[in-house]
Structures are given as structure tokens and as C-alpha cells.
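The values are calculated or read from the model by the stated rules, or taken from the named source; none is laboratory data. What you see is a predicted model; the values in this text were computed from it and never measured. No Cβ is skipped: glycine too gets one built from the backbone with ideal geometry, and neighbour counts run over all protein chains shown. Quick note on the areas: whole protein, heavy atoms, side chains included, nothing else; ligands and nucleic acids left out. Shrake-Rupley method; radii C 1.70, N 1.55, O 1.52, S 1.80 Å.
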Amino acid sequence: MKELKEWFDALSEIGVAAEGGYYRGSYTPEETEMYRLVAGWMEEAGLTVRRDAAGNLWGKVDGRNPEALPIVTGSHIDSVRNGGNYDGIFGVLGSLMAVKEILKKQGQPKTTMEVVAFTGEEGSRFSIGLMGSHAVAGSLDKATFREKTDVNGVTIAEAMAEVGLDAEQVDEAVRDKVGAYLEMHIEQGPVLEKAGIPVGVVDSIVGTQQFRVTMSGEAGHAGTVPMADRRDPMVYAARAIARFPEIAKNSGDGVITVGRIWTKPDAENVIPGEVCFTVDLRHPVEEIKQEMAAAVKRVCEEEAAPGGREITWIPYPNNLATEMTPELKTMLMEACEELGYPCRLMPSGAGHDTLNMAKLGPVGMLFIPCLGGRSHCPEEYASIEDMEKGVRVLETCLNRLAY
């Protein structure tokens, strides 16, 4: 796995954040440079490379049976702000390594194989999680690309144009059915490491729903407006957010996260006239997840009432809780047994591009441990030994599916 480590080392030079960790947002120079390197490694492995209309990178090796649906493997290439060098990237580089190794040993497959590096899985720039795979599954409205902006007011369409993409052609990224999609990922939690188990086979992925909430009030001078006369939306937002943990607690297995808050006009000595924040809802049962969403909306409306203005409630794409395909779960576990790797079935509390690829065909997913269960932070780390085990499991399954 010397070459795999060299790939990680090369990518570790890109998108280094001054305050620690990395940032590789969608349609940024950092992402473009990462795609350039990964595309070169794909070509060296014997894959034909293209970037689709949404900005996802694909490497393909044609199979001998052109009628068979392709076998796809991969993950995402973008990161959260101040994130690590393994989340998503392991799934891309590890998949490429598995395909490269199997091509060396087996030659042309019977069934076409593809490696994909999705853009925008994290939603760190445009607050739309799984954006690249949503485009592939056909579940994003074109209006989203024209209207959705980053924190600097740049629309997705404008950002795409900066890297040579046309948002009006994004429908061309939609894919038909696939024969199977397999994704590898670091666990992003401590379960495998604590248990001393090298591989986790994902049983199901929790459902997610995100919103952008805007509360309005009256802007004013921080020093001259008496407290009794203020209509401060930051106060309304704080009171609402403080009630979210109780909603999550009452749901059983649900969680609610407010990951971003920003204000207008965004100045230290100004009472904001507007406060925006994101809400991330997760629950393994769709009906309860929707009940949580209704409760959050009700709480926001109650706390915003003193401002005398309606709140704006913008939903992002809803990701349903998804079971992995039984046959692929079994195949992954059998591969672990064949290789002598202990494994366990486990749920994923994080969303992944597998959620969207499940709309196109059978899906399977496997985890490897990460140090201390840490992820989405500069301390994120996975050992080359654990990564190699994941690659070997994937290689074994690709052999069965494509040959």
C-alpha cells in the first residue's frame, strides 16, 4: 500500500487551512487541484476519465459485456471546514487502489467498473449535503443552482462557471440504473476502534433533513437602543435553539444540530436585523423525523413571535433512512471471513452518497476504524494497515461482481 500512502501524502498538501485541518469546497481551486491529481492516478490505473455536468469525477474501465449494468465504487472528495484528510478521500483513493489492483491481476472485467469522486457531499460551501450524488440521482431542481448561494453570495451556478461547468446542463449528470454501488469510509465514530474490529459492514444509514431558518427583527445601534425596546432576532434564535435538545430527547434516537449561524449586517456594534441558522435533523424512522421537523418549526415560530414577523423556513433535499441491500451486506461479510478479518454489522449515523445511489441500484457500504473516533476535525486519522484491510475487502467483492 505504499502507493496509496503516497496518494494521501500528495493530497495532504492541498487546501491546508491556517487555523488547522483542511478545506476543499465545491468548485474551488483546491477541489480542482485534487481532481487533477486523482484524474491522473485514474489514467495511470488504466481508467478512462471524465468530469460530469455536476462536477463529479468518474474513472471507467469497460467490461466485455456492454449490456451489463456497471459496478460503481467511490465516495466524495470535498471536506468540511477545518476537516481532516481521510473523510471521503479514503473511499475515493481506496476504491481506485482496489480497482487498480484487480485490473493488474485479472485484466479486463466482464462487467464495466467505475470509480467516482463526488463533489459537495459535505455541503460545506452551499449547505446542500450530498449535492454531487443528488445531481446523479436526478433529485436536485435546476433552480437550486441558480438561487442557492455560499456565505459570500456566490450562487452555485456562478461557482460552477468559474471551473468551466454550466449549471443549465446539470441534467446531463443524471445516471440510469447501476448494477451495484459500494462505498468505503472511515467510521467517524469510536465503535470499531473500541471493539478492536477492523471492518464494519453498514446495515442502514440514518435519514437526514436540513433546513435554513431566517428570523427577522429590527437592526439598531448596540449602544443606543434600550433593551426593552429591542426586537433582536439573535435572542429569538438563541431561545429557539436552546429548546431543540428536548425535542431530540423526546424522539428517542433522534439528534438535532445547529451547525452554522450568521447575521446581517454582521457587525460587532450592531443589533442584527436578521439571523440565519441551519438545522440538521436525523432519525432512523422517517415518520418520527418529520415529527421532529414539525416540532422544530413550531418552536421557531413561537420564539420569533415577539419580533412580529414571519420566519423563513427553507428545506434542503430530504434523505430517507436507507437499508443496505441484503445480498451486498452478505457479500461484504463473506469477504471479511474469507480474508480472516473480524467484522460487525452496524448502522451509520452519518449520511453518505450511498443514500442517493440507492435510488439507482443495489448498495453496500463498509467502515474502517479512525483514531479515537475523531472526524470532521484536524485530528482525523486512519492507519494504512486498516485502510489496506478495507481495500482488500472491496477488491474481493468487486472481483465477484465484475468478473
Practice problem: Specify the residue with the greatest mean-square fluctuation among Asn152, Asn356, Asn65, computed from a Gaussian network of the chain linking alpha-carbon atoms under 10 Å apart. | Solution: Asn152
Quiz item: Once you charge only the Cβ atoms, +1 for Lys and Arg and -1 for Asp and Glu, what is the size of the charge dipole of the chain about its Cα centre, to the nearest 20 debye?
Solution: 440
Exercise. Take the alpha-carbon centre of region 138-212, take the same for region 326-350, and report the distance between them in whole Å.
Key: 23
Exercise. Run down the lysines and flag those whose C-alpha is under 25 Å from the C-alpha of Lys142, throwing out any fewer than 8 positions away in its chain.
Key: Lys177, Lys359
Self-check item: Cβ-defined net charge surrounding Ala157, 14 Å radius [Lys, Arg +1; Asp, Glu -1]
Solution: -4
Quiz prompt | Carbon/sulfur fraction of accessible area - the chain, other protein chains in place, 1.4 Å, % | solution = 49
Quiz item: Of the peptides 157-169, 90-102, 201-213, 269-281, how do they stack up when ordered by the mean number of other Cβ atoms within 10 Å, highest first?
Solution: 90-102, 201-213, 269-281, 157-169
Quiz item: Which aspartates and glutamates have a Cα lying under 12 Å from the Cα of Lys297, excluding residues fewer than 8 positions away in the same chain?
Solution: Glu310
Quiz item: Tell me, what is the FRET efficiency for His221 and Lys104 to the nearest 0.05, using R0 = 60 angstrom and their Cβ-Cβ distance as r?
Solution: 0.30
Exercise. At 7 Å along the Cα-to-beta-carbon direction for both Leu345 and Gln290, put a label point, then send me their distance in nm to one decimal.
Key: 2.7
Quiz prompt | Helix-only [θ]222 nm of the chain, DSSP H runs n ≥ 4, -39500 (n - 2.57) each, per residue, nearest 500 | solution = -11000 deg cm²/dmol
Practice problem: Any chance you could give the angle, 0 to 90 degrees and rounded to 10, that helix 233-251 forms with the longest Cα principal axis of the chain? | Solution: 50
Quiz prompt | Average accessible surface area per residue within the chain, 1.4 Å rolling probe, Å² | solution = 42
Quiz item: Packing-wise, with mean Cβ within 10 Å as the measure, how do 345-352, 255-262 rank, highest first?
Solution: 345-352, 255-262
Quiz prompt | Cys with no candidate disulfide partner in the chain (beta-carbon separation under 4.7 Å rule) | solution = Cys276, Cys300, Cys370, Cys377, Cys397
Exercise. Give the distance, in whole Å, between the Cα centre of region 298-325 and the Cα centre of region 1-72.
Key: 35
Quiz item: Where is the GNM fluctuation largest for the chain (alpha-carbon springs, 10 angstrom cutoff): Ala68, Ala382, Ala248?
Solution: Ala68
Quiz item: Among (1) 5, 24, 34, 25, 10, 2, 0; (2) 5, 22, 31, 24, 12, 5, 1, 0; (3) 4, 19, 23, 24, 20, 9, 1, 0, which one is P(r) over Cα pairs in 10 Å bins from 0, in percent computed from these coordinates?
Solution: (2)
Quiz item: Against the longest principal axis of the chain, how steep is helix 2-11, in degrees 0 to 90 to the nearest 10, with axes from Cα atoms?
Solution: 30
